[in-house]
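Right, one structure below, let's go through it.
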Amino acid sequence: MPLRILVVEDEMTIALMIEDMLIQLGHEVVELAMRLPRAEELARQAAFDLALLDVNLDGRKSFPVADILSARGIPFVFATGYGASGLENGYSHCPVVTKPFMMEDLKTVIDSLPLPRA
């Protein structure tokens, strides 16, 4: 089943590459957010099934976005070049895809999530 996905990534080239990967996997990117305030706004208001969150957004951490998504019951995946060691303690249980990643890595982490499947 195609998912509607929010991508939070501060590097435009990487955001567009992720968007392309997700489209190739059959999903729809509903929004791209490059800065924390916009990501928080979308996390509160937009309709989507899953979010992919870059941990570091122009020097600011995306953990407040994760908190909003958790409160809404929306699953998310962190993306970081540091792997799970790049997460603060309260988030160490969250799924992570390590940058740089390939489309197969993205597919594997999405498939591992408890999401509605067709």
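The values are calculated or read from the model by the stated rules, or taken from the named source; none is laboratory data. This is a predicted model, so every value here is computed, not measured. No Cβ is skipped: glycine too gets one built from the backbone with ideal geometry, and neighbour counts run over all protein chains shown. Just so you know, the surface numbers come from the protein's heavy atoms only, side chains and all, with ligands and any DNA or RNA stripped out. Shrake-Rupley method; radii C 1.70, N 1.55, O 1.52, S 1.80 Å.
Values as computed for the structure displayed
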quantity: All positions within the range 97-112 that are loosely packed, with under 14 Cβ neighbours inside 10 Å and among the hydrophobic types (A, V, I, L, M, F, W, C); calculated: Met102
quantity: Unmet requirement for Cys94, which otherwise passes all of (1) within 20 Å of Gln24 (Cα to Cα); (2) in a loop (DSSP other than H, G, I, E, B); (3) in contact with a helix residue (DSSP H, G or I) (Cβ under 8 Å, 6 or more places away or on another chain); calculated: (1)
quantity: Condition check for Glu40: on the phi < 0 side of the Ramachandran plot and touching a Pro at 6+ places or on another chain (Cβ under 7 Å); calculated: yes
quantity: Verdict on Pro37 being under 18 Å from Val96 (Cα atoms) and outside any strand (DSSP E or B); calculated: no
quantity: Residue within the range 88-96 that is under 22 Å from Asp111 (Cα atoms), surrounded by fewer than 18 Cβ atoms within 10 Å (Cβ to Cβ) and out of contact with any strand residue (DSSP E or B) (no Cβ under 6 Å at 6 or more places or on another chain) present; calculated: yes
quantity: Selected residue (only one of Ile5, Ile18 is in contact with an Asp or Glu (Cβ under 9 Å, 6 or more places away or on another chain), open to solvent by less than 20 Å² (accessible area, probe 1.4 Å), without any contact (Cβ under 8 Å) to a residue 60 or more places away in the chain and not small (Gly, Ala, Ser)); calculated: Ile5
quantity: Residue satisfying all of: in the range 75-87; more than 11 Å from the chain's Cα centre (by Cα) and aliphatic (A, V, I, L, M); most open to solvent (accessible area, probe 1.4 Å) among these; calculated: Ala84
quantity: Candidates Asp49, Asp54, filtered to the one that is in contact (Cβ under 8 Å) with a residue 60 or more places away in the chain, under 17 Å from Val109 (Cα atoms) and surrounded by 14 or more Cβ atoms within 10 Å (Cβ to Cβ); calculated: Asp49
